[in-house]
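The values are calculated or read from the model by the stated rules, or taken from the named source; none is laboratory data. All of these numbers come straight from a predicted model, not from anything done at the bench. Quick reminder, even Gly has a Cβ in these numbers, built from the backbone with ideal geometry, and neighbours come from all protein chains shown. Please note that ligands, DNA and RNA were not included when accessible areas were found on the heavy atoms of the full protein model with its side chains. Shrake-Rupley method; radii C 1.70, N 1.55, O 1.52, S 1.80 Å.
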Amino acid sequence: TDGTVKCWGWNVTGQCGDGTSGNNKNLPVVVSSLSGAVQVAPGRGFSCALMSDGFAKCWGQNNAGQLGDGTTVDKLTPVLVTNINGILSLTSSFSHACALLVDGTAKCWGDGAFYALGDGTNVNRTTPVAVSTLTGAVDVSAGNGHTCALLANGSAMCWGTNSFGKLGDGTATTRA
């Protein structure tokens with residue numbers, strides 16, 4: 001309730017955010033230099049936090065650009081996600097993250113394999129890119145290699161890998 005964040009567990013790439021790496025945390029530790037958080041979106045090896053001012057900060061593993069800071073260097077403490085504000089909510093998955101914006105659109109960053117970022121490419125992005133053709137979104141949820149958005153009209157739109165039919169379109173075809 002005070003806007004700080006605590007993390008624990010696996011910390012090999014600094015995903016606990018306390019400025020250390022390599023040593024697992026058996027008890028919660030305070031994420032360094034982070035105040036005003038209103039939501040946390042953990043991924044695999046990294047985490048992101050939505051700040052009260054509508055910006056986001058991420059920390060931990062960054063091999064695919066999943067921290068959104070324009071680099072692929074792991075960060076042991078939170079860094080600002082660049083080129084994005086007006087965030088309503090965050091979601092993270094294996095190695096990508098997405099933000100729902102106040103205007104009903106979304107931006108994603110990180111691992112673009114299988115078209116998971118929704119920008120029509122399968123390229124990793126180190127800064128947020130707009131999800132193509134998405135408008136009217138009220139929620140966004142990232143999965144392993146795919147992402148889905150709930151639209152204001154009650155329908156859903158999904159993109160990325162469709163193994164096992166996880167896009168819900170009746171096929172197993174990957175969608176950009």
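Things to note:
- Considering the conditions (1) open to solvent by 30 Å² or more (accessible area, probe 1.4 Å); (2) part of a loop (DSSP other than H, G, I, E, B); (3) within 30 Å of A172 (Cβ to Cβ), Q66 is excluded by exactly one of them, (1).
- Meets criteria (more than 18 Å from H146 (Cα to Cα) and under 13 Å from the mean Cα position of the chain (by Cα)) for D18: no
- Checking each residue in segment 47-66 for being aliphatic (A, V, I, L, M) and free of Cβ contacts under 8 Å to residues at least 40 places away in the same chain picks out only M51.
- Filtering A172, A97 for residues that are assigned to a strand (DSSP E or B) and of a type in the set (G, A, S) leaves a single hit, A97.
- Within segment 16-33, the set of residues being in a loop (DSSP other than H, G, I, E, B) and either open to solvent by 20 Å² or more (accessible area, probe 1.4 Å) or modelled with pLDDT under 95 (or both) comprises D18, G19, T20, S21, G22, N23, N24, S32, S33.
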